[in-house]
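This report concerns only the one structure given below.
The values are calculated or read from the model by the stated rules, or taken from the named source; none is laboratory data. Note that the structure is predicted; figures quoted are calculated from it, not measured. Cβ atoms come from the backbone with ideal geometry, glycine included; neighbour counts cover every protein chain shown. Quick note on the areas: whole protein, heavy atoms, side chains included, nothing else; ligands and nucleic acids left out. Shrake-Rupley method; radii C 1.70, N 1.55, O 1.52, S 1.80 Å.
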Amino acid sequence: MTHLEQLEAESIHILREVVAEFENPVMLYSIGKDSSVMLHLARKAFYPAKPPFPLMHVDTTWKFREMIEFRDRMARECGFDLLIHTNEEGVRQGISPFTHGSALYTDVMKTEGLKQALDKYKFDAAFGGARRDEEKSRAKERIFSFRSETHRWDPKSQRPELWNIYNAKVKKGESIRAFPLSNWTELDIWQYIYLEQIPIVPLYYSKVRPVVERDGMLIMVDDDRLKLLPGEDVQMKSVRFRTLGCYPLTGAVESTADNLPEIIQEMLLTRTSERQGRLIDHDQAGSMEKKKQEGYF
Amino acid sequence: MAHQSELIAKDIHAYLKAQQEKSMLRFITCGSVDDGKSTLIGRLLWDSKLVFEDQLAALEADSKRVGTQGEEIDYALLLDGLQAEREQGITIDVAYRFFSTDKRKFIVADTPGHEQYTRNMVTGASTADVAVILIDARKGVLTQTKRHSYLVSLVGIRKVVVAINKMDLVGYDQNCFEQIAQDYQAIAGVLGFEEITYIPISALKGDNIISLTASNMSWYAGPALLDYLETVQIGDTRSVQPFRMRIQWVNRPNLDFRGFCGTIASGQCRPGDPVVVPSSGQQSRIARIVTMDGDLELACAGQSITLTLEDEIDVSRGDMLTDPNRCPGFANQFQAKIVWLNENALLPGRSYLLKAGSSVTPAQISSLKQRINVCTFQDESGKTLSMNEIGVCNLALDRAIAFDPYVENRHTGNFILIDRFTNATVGAGMIDFALRRASNIHWQVLEVDKIARAEMKNQKPFVLWFTGLSGSGKSTLANLVEQKLHSLGKHTYLLDGDNVRHGLNRDLGFTDADRVENVRRIAETAKLFVDAGLIVLTAFISPFRSERAMARDILEEAEFVEIFVDTPLEVCERRDPKGLYKKARAGELKNFTGIDSDYEVPERPEIVVNGANADADNLAEQIIQKVKKNLSLGN
């Protein structure tokens with residue numbers, strides 16, 4: 001088997017194991033390229049049946065408009081049940097990445113929103129598209145990652161995970177996060193998308209888009225909630241995104257790559273890592289680990 | 001050069017095509033603290049150009065702040081993931097790292113060398129094809145080296161690289177390298193490795209890692225570490241082994257389709273191949289191998305597939321589909337090596353959940369035959385296994401499972417043990433062989449059965465299991481309840497300390513292990529008496545949830561009534577009918593429940609009585625009222 005075939009088989013094994021062991025699983029769907037691959041693998045794992053779980057999107061209300069369009073189209077075409085949850089309390093308080101800073105905003109709209117949604121539907125397992133190569137604290141994450149009743153992750157008492165045998169026992173109220181893409185790298189993801197012709201959000205491809213330069217990043221002007229600061233002006237540039245999140249927190253890269261081979265080519269020749277386009281990791285050292293302990297995906 | 005930058009830039013399509021043929025290798029690095037494991041992996045990532053500019057900037061900053069290499073870059077910092085361990089300067093868990101070259105994608109398990117973290121090494125090694133064992137050239141073969149080599153061998157890795165590191169610190173001395181290789185060869189004899197490759201390296205300086213460094217070690221002919229990892233042959237035997245697949249999930253989208261999903265553990269299969277289910281002996285043939293991209297003509301070990309069968313046979317999750325001409329073992333008792341992974345020691349007699357592939361079965365360690373000293377490779381005797389200890393055990397499962405000996409098949413001879421109350425993964429097991437006894441005991445078909453015996457007594461048999469602290473009033477209550485049952489014309493038997501501890505269990509003391517065995521024997525005796533048609537009362541502290549659950553499990557549903565005699569410790573201590581609390585407080589009595597040994601309060605007992613209440617007769621009457629429905633013969 002080639003490396004992609006092995007990765008695919010391992011992911012399918014994980015998806016099936018969760019479905020067989022848990023009563024009420026859900027797939028967290030972030031609309032990004034990793035989610036697209038995870039969704040594709042789920043369709044393969046349960047074919048000819050439909051994947052026996054819903055998709056859930058935690059909508060911060062600050063996602064790129066094209067992401068939302070893509071999300072609704074995929075759910076329609078694949079026949080998935082799509083659940084959308086927004087932290088309404090956060091919306092009422094007017095929490096925004098511009099006024100409250102990325103740390104508080106992420107905590108309220110993403111982490112809290114996610115916990116609310118998990119509690120609301122009483123999911124006992126949630127699939128996430130995180131990969132171990134993304135970030136240092138992810139490298140030690142289990143494939144079945146245990147969470148307490150309050151959704152906390154305790155890095156010091158993780159269950160040992162041997163062979164491909166996964167311990168799926170949880171008490172009422174406890175849950176696991178399952179990561180079928182744990183052993184994939186960014187390059188594997190792109191190669192697989194290319195090989196399997198998996199649809200992805202068009203924002204990954206270069207196009208002339210309106211952007212402003214802020215804090216060393218190129219932020220796309222996706223709607224009129226982005227207020228220009230003194231000295232800033234909107235420029236039209238040929239840009240694309242290596243990673244997708246909330247538009248005010250996601251930096252674009254200047255590029256002309258408008259097809260998959262060119263994107264992969266650019267990725268291989270570039271010298272900046274994927275998460276650099278995200279503000280969230282730079283808040284403080286070990287920030288991802290802290291967020292994960294509190295319940296962030 | 002790890003990636004062909006030129007080809008990427010010139011012809012990305014040709015590059016992508018070539019990449020699709022890549023294979024994958026999983027390996028583990030092991031060595032003692034400070035042998036340079038993290039530095040070695042950091043170097044592999046670095047040299048295969050997988051460190052990006054922003055990571056490099058962070059690395060340089062971190063190296064200055066907490067690095068151990070002075071002004072130089074501390075590659076180990078690339079790997080240390082969690083803040084706590086970064087501050088302690090040691091890796092405390094298994095971390096998985098990825099890099100790739102043009103020939104292969106690599107997954108590296110980075111595991112700690114610290115003595116108490118054996119469990120992490122076994123975890124990392126369980127999925128690895130190759131092990132890289134690091135030895136500090138200045139220190140040579142250490143006890144730790146032997147331990148790591150034993151564990152690598154135990155989990156079935158047959159190809160190892162002995163990387164003799166820090167050659168720069170011994171002046172790149174050939175004699176030093178050869179002496180260490182010789183020493184290692186001497187200890188490796190009993191470990192059964194197929195192939196041992198010795199490579200002199202300096203992870204810090206990059207010598208013989210990516211390519212040979214002729215200037216420093218012209219005496220070494222190769223291969224460089226990466227050359228070896230890119231070319232070592234792996235997994236070639238797995239496909240020629242007999243076909244095995246455990247059913248993970250049954251796919252039934254509609255009445256016309258019944259697909260069996262699973263990952264092929266070994267061998268291969270084609271439509272038309274005969275298969276058998278060992279648990280039932282039922283046979284059929286493979287009809288189709290179904291995938292979203294169309295049916296397959298052939299599927300091999302490692303693939304996750306969906307099969308349909310020609311006949312409607314009864315197969316469910318946990319069952320194994322196998323080659324009928326080369327069947328696996330099928331037994332409910334076997335010998336296995338167990339690595340203990342949890343702070344709470346293994347206790348023979350306690351019931352754990354055994355998960356082998358997708359099959360989950362309650363199981364007990366029926367005896368711990370010996371502990372293995374991983375430093376001397378010698379056997380030692382022992383009653384329990386503590387964390388990081390390895391033992392040879394006999395196991396008894398509640399029902400038989402299909403398996404192969406681990407040495408023959410890594411994918412069907414393995415299991416994990418799960419604690420039934422904390423749900424922690426507490427043990428990792430590798431099956432040696434089935435015990436002959438398992439297939440030799442045939443249950444005698446008895447003409448007179450439980451129902452017949454109970455009918456003659458005009459009652460339904462069951463167990464009233466009293467649990468509570470010493471002095472809580474268990475025995476007093478059990479006695480009163482027995483009297484009341486007797487006066488109702490019921491045939492009863494009371495098991496308590498007086499008639500059990502002095503006879504059946506007089507060889508047992510009060511350690512945790514003995515307490516577990518004590519309760520196990522009581523439960524089995526109670527079961528026999530229930531089978532004889534009696535109403536059984538037991539009055540023992542029975543402090544652990546696991547054993548009470550075990551007792552519940554071996555009886556039928558409605559046959560087990562747990563009665564928690566809930567009396568506060570201070571009340572029990574004040575009563576102290578046998579003067580035991582006084583002795584325990586004085587330190588004359590060890591392992592006394594409530595004082596220096598735990599009592600685990602029942603989570604969902606059928607009945608709770610307040611043992612501080614002085615009117616025992618009233619309490620006994622309450623218990624009789626609550627079991628009224630068990631006493632009536634109707635449903």
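Below is a table of values for the structure above.
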{"quantity": "Hits in region A:222-255 (condition: over 18 Å from A:TYR194 (Cα atoms), among the hydroxyl-bearing types (Ser, Thr, Tyr) and not in a strand (DSSP E or B))", "calculated": "A:TYR247, A:SER255"}
{"quantity": "Test: residue in region B:614-623 that is part of a loop (DSSP other than H, G, I, E, B), within 30 Å of B:SER351 (Cβ to Cβ) and in contact (Cβ under 8 Å) with a residue 24 or more places away in the chain", "calculated": "no"}
{"quantity": "Residue count for region B:257-267, restricted to those that are part of a loop (DSSP other than H, G, I, E, B) and at the interface with chain A (Cβ under 10 Å from one of its Cβ atoms)", "calculated": "0"}
{"quantity": "Flag if B:ALA265 is over 30 Å from B:PHE177 (Cβ atoms), in contact (Cβ under 8 Å) with a residue 60 or more places away in the chain and touching a His at 6+ places or on another chain (Cβ under 7 Å)", "calculated": "yes"}
{"quantity": "Any hit, region A:117-132, residues being open to solvent by 10 Å² or more (accessible area, probe 1.4 Å), farther than 21 Å from A:LYS171 by Cβ, of a type outside the set (Val, Ile, Thr) and assigned to a helix (DSSP H, G or I)", "calculated": "no"}
{"quantity": "Residues of region A:25-63 satisfying the condition of being closer than 23 Å to A:ASP223 by Cα and more than 14 Å from the chain's Cα centre (by Cα)", "calculated": "A:THR61, A:TRP62"}
{"quantity": "Some residue of region B:321-339 being touching a helix residue (DSSP H, G or I) at 6+ places or on another chain (Cβ under 7 Å), within 12 Å of chain A (Cβ to nearest Cβ) and in a loop (DSSP other than H, G, I, E, B)", "calculated": "no"}
{"quantity": "Some residue of region B:112-126 being under 29 Å from B:THR213 (Cα atoms) and either at pLDDT below 85 or at the interface with chain A (Cβ under 9 Å from one of its Cβ atoms) (or both)", "calculated": "yes"}
{"quantity": "Whichever residue in region A:138-158 is assigned to a helix (DSSP H, G or I) and touching a residue at least 60 places away in the same chain (Cβ under 8 Å) and, among such residues, is nearest to the other protein chains (Cβ to nearest Cβ)", "calculated": "A:PRO155"}
{"quantity": "Odd one out for B:GLN144, checked against (1) within 14 Å of chain A (Cβ to nearest Cβ); (2) modelled with pLDDT under 90; (3) closer than 26 Å to A:LEU162 by Cβ", "calculated": "(1)"}
{"quantity": "Checklist (1) assigned to a loop (DSSP other than H, G, I, E, B); (2) open to solvent by less than 30 Å² (accessible area, probe 1.4 Å) applied to B:HIS411, failing item", "calculated": "(2)"}
{"quantity": "Qualifying residues in region B:425-443 (those that are touching a strand residue (DSSP E or B) at 6+ places or on another chain (Cβ under 7 Å) and aliphatic (A, V, I, L, M)) - the one modelled with the lowest pLDDT", "calculated": "B:ALA438"}
{"quantity": "Test result for A:LYS172, within 19 Å of A:PRO25 (Cα to Cα), modelled with pLDDT of 85 or more, among the basic types (Lys, Arg) and not in a helix (DSSP H, G or I)", "calculated": "yes"}
{"quantity": "Pairs, first loosely packed, with under 13 Cβ neighbours inside 10 Å in region B:176-202, second assigned to a loop (DSSP other than H, G, I, E, B) and not basic (Lys, Arg), C-beta under 9 Å, six or more apart", "calculated": "B:ALA186/B:VAL141; B:VAL190/B:PHE377; B:GLY192/B:VAL407; B:GLU195/B:VAL232"}
{"quantity": "Residue selected from region A:62-79 under the condition in contact (Cβ under 8 Å) with a residue 40 or more places away in the chain and open to solvent by less than 50 Å² (accessible area, probe 1.4 Å), by the criterion nearest to the other protein chains (Cβ to nearest Cβ)", "calculated": "A:MET74"}
{"quantity": "Residue within region A:49-57 that is in contact with a helix residue (DSSP H, G or I) (Cβ under 8 Å, 6 or more places away or on another chain), modelled with pLDDT of 90 or more, surrounded by fewer than 21 Cβ atoms within 10 Å (Cβ to Cβ) and within 30 Å of B:ASP102 (Cβ to Cβ) present", "calculated": "no"}
{"quantity": "Residue under evaluation A:GLN158, criteria (1) under 12 Å from B:THR123 (Cβ atoms); (2) buried (at least 20 other Cβ atoms within 10 Å of the Cβ), criterion not met", "calculated": "(2)"}
{"quantity": "Candidates B:LYS490, B:LYS457, B:LYS484, filtered to the one that is touching a His at 6+ places or on another chain (Cβ under 6 Å) and either under 19 Å from B:THR525 (Cα atoms) or modelled with pLDDT under 95 (or both)", "calculated": "B:LYS457"}
{"quantity": "Every residue from region B:233-256 that is under 24 Å from A:ALA45 (Cα atoms), outside any loop (DSSP other than H, G, I, E, B) and more than 13 Å from chain A (Cβ to nearest Cβ)", "calculated": "B:ARG244"}
{"quantity": "Top-ranked residue in region B:18-45 [being of a type in the set (S, T, N, Q) and buried (at least 21 other Cβ atoms within 10 Å of the Cβ); ranked as farthest from A:LEU195 (Cα to Cα)]", "calculated": "B:SER32"}
{"quantity": "Scope region B:219-232; condition open to solvent by 40 Å² or more (accessible area, probe 1.4 Å) and in a loop (DSSP other than H, G, I, E, B); matching residues", "calculated": "B:TRP219, B:ALA221, B:PRO223"}
{"quantity": "Tally, over region A:229-259, of residues that are over 13 Å from A:SER206 (Cβ atoms) and open to solvent by 80 Å² or more (accessible area, probe 1.4 Å)", "calculated": "4"}
{"quantity": "Residue within region A:183-190 that is of a type in the set (A, V, I, L, M), open to solvent by less than 60 Å² (accessible area, probe 1.4 Å) and within 26 Å of B:ASP93 (Cβ to Cβ) present", "calculated": "yes"}
{"quantity": "Residue count for region B:591-603, restricted to those that are in contact with a strand residue (DSSP E or B) (Cβ under 8 Å, 6 or more places away or on another chain) and either touching a residue at least 40 places away in the same chain (Cβ under 8 Å) or of a type in the set (S, T, N, Q) (or both)", "calculated": "3"}
{"quantity": "Number of positions in region A:29-48 that are open to solvent by 20 Å² or more (accessible area, probe 1.4 Å) and away from chain B (no Cβ under 14 Å)", "calculated": "2"}
{"quantity": "Residue list for region B:84-111, restricted to those being at pLDDT below 80 and open to solvent by less than 10 Å² (accessible area, probe 1.4 Å)", "calculated": "B:GLU85, B:THR111"}
{"quantity": "Residues satisfying the stated conditions in region B:273-309, i.e. within 12 Å of chain A (Cβ to nearest Cβ), within 15 Å of B:ARG258 (Cβ to Cβ) and open to solvent by 40 Å² or more (accessible area, probe 1.4 Å)", "calculated": "B:ARG288"}
